Structures are given as C-alpha cells and as structure tokens.
Amino acid sequence: MATMELKVPDIGDFKDVEIIEVLVKAGDTVAVEQSLITVESDKASMEIPASIAGKIVELKIKLGDKVSEGTVLAMIEASAASSTAEASSAAVATPDSAASVAPAAAPTPPAAAIAQMAEAAKTIQSMEGVAVGPAHVSPVDESNVVKPHASPAVRAFARELGVDLTKVRGSGPKQRITMDDVRGYVKGVISAASAPASSGDGAALGLIPWPKVDFAKFGPIEPKPLSRIKKLSGANLHRNWVMIPHVTNNDEADITDLENFRVSLNKESDQTGVKYTMLGFLIKAVVAALKKHPEFNASLDGDQLVYKHYYHIGFAADTPNGLVVPVLRDADKKGLSEIARETSELAKKARDGKLAPTDMQGGTFSISSLGGIGGTHFTPIINAPEVAILGVSKSYYKPVWNGKEFVPQLTLPLSLSYDHRVIDGAAAARFNNVLRALLGDFRRAVL
Ligand code: CAO
C-alpha cells in the first residue's frame, strides 16, 4: 500500500492560516471528504477535507500551526478503494458560517464546492434563524446576531445530539466550540438531571464550573461539613432562586402608634406572661392583605393557579443549625395573643431542633423578620410553592413633615418578594399599600 502526502489543496486567497482544530489523529482511518483540520483566517474559517481515503500514518501538523496551499498535513496509506487523485487536487472548503465570510476575501472554490457552501450556509443559517438568499452566500449584519463559533463538523455533531450551540461555552481559541465542549455540555446536562439540586456546579446552566481553589495556599483553614438543615434549606433556596422570577417591592410603614399599642399591651399582660410581638401584628396584617389579594395566597400548578381558602403563615426562624420555616396554621382564626404564644412556641421548638415535619408543611405565605437583628431592606427568597414572601427589617425613627413641622415617625421597612409569573408589580405595590394602611392604623384590621 502506497504512503502518500496529504496536502492542503487550493484554498484561494487563504495563506498562513491558523489551524484551530485537528479533527484526526495518527491511526485513524479517514474517508474521502472527511474533515481533517479546521483553519481560520481573520475573515472566515473552513474545514480541509481528505481527498483520498486511507489510514493516517503520521500527522505533520499540530494545533496552532499556520498552513497554506501545499502544506503537508499528514502521511496516509491510501486504501485500495480510494480515489487515485492527488491529495492536493480537490479543493473543497466548507465555510464555518456564511455570516463570517467576507465576499471580497472569500476563496474561489470549484462549482461543486460553491453549491456545497451555499447548502451548508442555508442549513446553518436556518438553524440559527438567519435568512440567506437561495443561490449565494450573503453577508449578515453580525451586530444583531450572536453566533456560536464552531466548525461545521462540530455543528453537525451538535445537531445530531440536539444541542443548542448558543448554550455551549467554547474552550478553543477565540471561544471556539470544540467537539469536547459539546461532549462536556451533554455530560453536564445528563449529570445535572440526575444529581441533587444542590450540586451547583453550573453545568446545567451552561456556566463555567465553580472555581476550585486550594484555600490552604493562602492561610490556615478549617473545613466543616454543612449542617443537615443548611444542606436541605440551601438546596431549596437555590432551586427557588433559580426557578422563580423574583421581584422585590420595597416600602415603609408608619408603626409609631402600633408600637406604642404593643408596648402598652405588654405592660397590661405582664401578669399573664403573653408577649405581644411585632411578628404577631405582621401576621394579622398579612392575612388581611391576603384576603384582599388572594393571588398572593396561591400556588402555581402547571397552567393553573391554585387559590387556597386557608391562611397558614410560615415565618423564618434563625437557629444554630440554620434557617427553618415553621408554619402557624389558620392564622385568620386566631387572636393576637394566641398567635404570639404559638409563634414563640414554634420558634423555641425550631431553636431546640424539635420541629416535626408537619410543623413546617402547608404554608401559604411566609414572613422573614430580621427586625430584631438589623438591616434596612433585603431580598427574601420565595418559599416555593408559595408565590410571595414578606421581608421585614429593623424599624427606625425618621423625621416626617406633617404640614407644620417635622415629627419623629417609627418606620418599618417592608420588602415584598413576589413571583412575577403570578403577580404583577402593580398588585405587589397594592398589597404593600394594604399592609401600610393596616400597620399605620391597626383599627382597620377589624373592618
Ligand atoms: N424592628 C425593630 N425591632 C424589632 C423588630 C423590628 N422590625 N422586630 C422585633 N424587634 C425587636 C423586639 O421588639 C424585641 O426587642 P425586645 O427584646 O427589646 O423586646 C426583639 O427584637 C426580639 O423580638 P421578638 O421576640 O418579637 O422576636 P422577633 O419577632 O423579632 O423574632 C423570629 C422571632 C423567630 C422571627 C426570630 O427569632 C428570628 O429567627 N428571626 C430571623 C429570621 C431570619 O433569619 N430571616 C432571614 C431568613 S433568610 O431570608
């Protein structure tokens, strides 16, 4: 069997073009027309195919080499059935993307190749939603089209696997997508589908992997496993943050009178031991607002919104082992003292790690109060399958103009995060208006 030189054919004006992909290796058996390398100039990229079939004995080039017409790419043992044509005689250059070919600088391949180019361009562009003329390769205004950078072979491979190349991150020169990138993407999607939601390596979202850093290189460290609660709540928070389009509406309520009322109630109830908490008033106010805006007391189920006719209010509790959300059932049927007693019992159970699973189920809306700790506003994460959550920060005095003078107003910051698939911004603003009105004058709660 004769060993022959496989050379770069006539590639028109392309000279000293860089090899950005080597698609074969020594020992491979190649067929006629099979792509050997991809080259790229500053205007376009193209694959150089084999003009004879056979076994590659030795590669004469490597990634990054510059080639021109006549450069020997490989030594090949031609198979018996192979074309007897010389390696350099057939020039078939398939452009990567018609959009990247500048007409003036394009090579002048034979008629068959032109037809092939137009066909390839049509395929690629119809795949990418870019219109082309029927008989020629049109330049496209790339400013409006963000295209993945990949060779036709990689595109064909991606098409075969049903991979959308816009989602694949290229690791090649100029972020070019390689076969390995497509394989890596597919592996990532498969492993993400079977991995727990907490894996968080970013592969499922087409993101670069999480950085692996040897922290010990920079100073002393102490690794500690996450608590069971942190692992569970982290996975839930991660899913909810990623899957729900959150928007947070910030507002403020005047609680000057309410706080005075709460303090006086607590003085009166010194004997009974009941402590009226701001959380209790907030739960009452939230229930009233939920009754006025039932879509906040609902859950998405496919194309349906499931409205609930019960009011089970969850509240975030900070515990030594992490965040938990006990649920106060039937908050609409309970008075303030009962709510205060039950929430403090549930909070104690949470801190002691004694909450039963049923204590944390069935919530229809949640409150996250950081008021006793600090902060001005924050963005609470919705507790799916609920559709909204109220964050409460530390109250503070601000001077408010009453028409004659500035008076001190005890102000409570409210941060209402809502699922924008279910709730519109206007509804969120109205929900906060109801809360503000109630907290500003709690007599409204009996209306
Ligand atoms: N502004 C100012 N002070 C406030 C306040 C507010 N909004 N809310 C409560 N306080 C004060 C109270 O007046 C009380 O002060 P005193 O001890 O002087 O009476 C103190 O903070 C504790 O209040 P409390 O006993 O009423 O408890 P609470 O309602 O603040 O908190 C609970 C109960 C379970 C919500 C709380 O212990 C907790 O765990 N909060 C953290 C929730 C959390 O981590 N959220 C973030 C989740 S991640 O999104």
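Numbers for the structure displayed
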read-out	value
Using θ = phi - 60° and Karplus 6.51 cos²θ - 1.76 cosθ + 1.60, couplings along the range 394-403 (whole Hz; Gly, Pro as x)	6, 6, 8, 8, 10, x, 10, 6, 9, x
Highest to lowest packing among 400-409, 286-295, scored as the average C-beta count within 10 Å	286-295, 400-409
Contour excess over end-to-end distance, with Cα ends at residue 28 and residue 373 and 0.36 nm allotted per residue	117.5 nm
Relative frequency of Cα-Cα separations exceeding 25 Å in the range 309-447, percent	32 percent
Residue (of 411, 392, 434) at the positive-pole extreme of the range 363-447, dipole from beta-carbon charges	411
Zone of residue 332's modelled label, taken as backbone nitrogen in the range 349-393 under 16 Å from a point 7 Å along Cα→Cβ	363-366
Cα centre as origin, Lys/Arg/Asp/Glu Cβ charges: the range 247-340 dipole, Debye	340 debye
Placed amide H near residue 65: partners under 5 Å, 5+ positions off or other chain	19
Residue 179 versus residue 356: modelled label distance in nm, points set 7 Å from Cα along the beta carbon direction	6.0 nm
Length-normalised contact order for the range 291-434 - Cα pairs under 8 Å, 6+ apart - percent	21 percent
Sequence-distant residues sharing a close amide H with residue 176 (under 5 Å, placed H)	none
Charged-residue dipole, Cβ positions (Lys, Arg, Asp, Glu), the range 312-447 about Cα centre, Debye nearest 20	300 debye
Cross-link table 224/349; 7/60; 354/394; 15/60; 275/334, entries beyond 20 Å C-alpha to C-alpha	224/349; 354/394
Prolate/oblate/rounded label for the range 302-361 (Cα gyration tensor, a/c 1.5)	oblate
Net charge of Cβ neighbours under 14 Å - reference residue 279; Lys, Arg +1; Asp, Glu -1	+2
Distant-in-sequence amide H partners of residue 73 (H built 1.01 Å from N, under 5 Å)	6, 7, 8
Contour excess over end-to-end distance, with Cα ends at residue 304 and residue 269 and 0.36 nm allotted per residue	8.0 nm
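Coordinate-derived values only; no laboratory data. These numbers were taken from a predicted model, which means no experiment stands behind them. Note: ideal-geometry Cβ built from the backbone for every residue, glycine included; neighbour counts use all protein chains shown.
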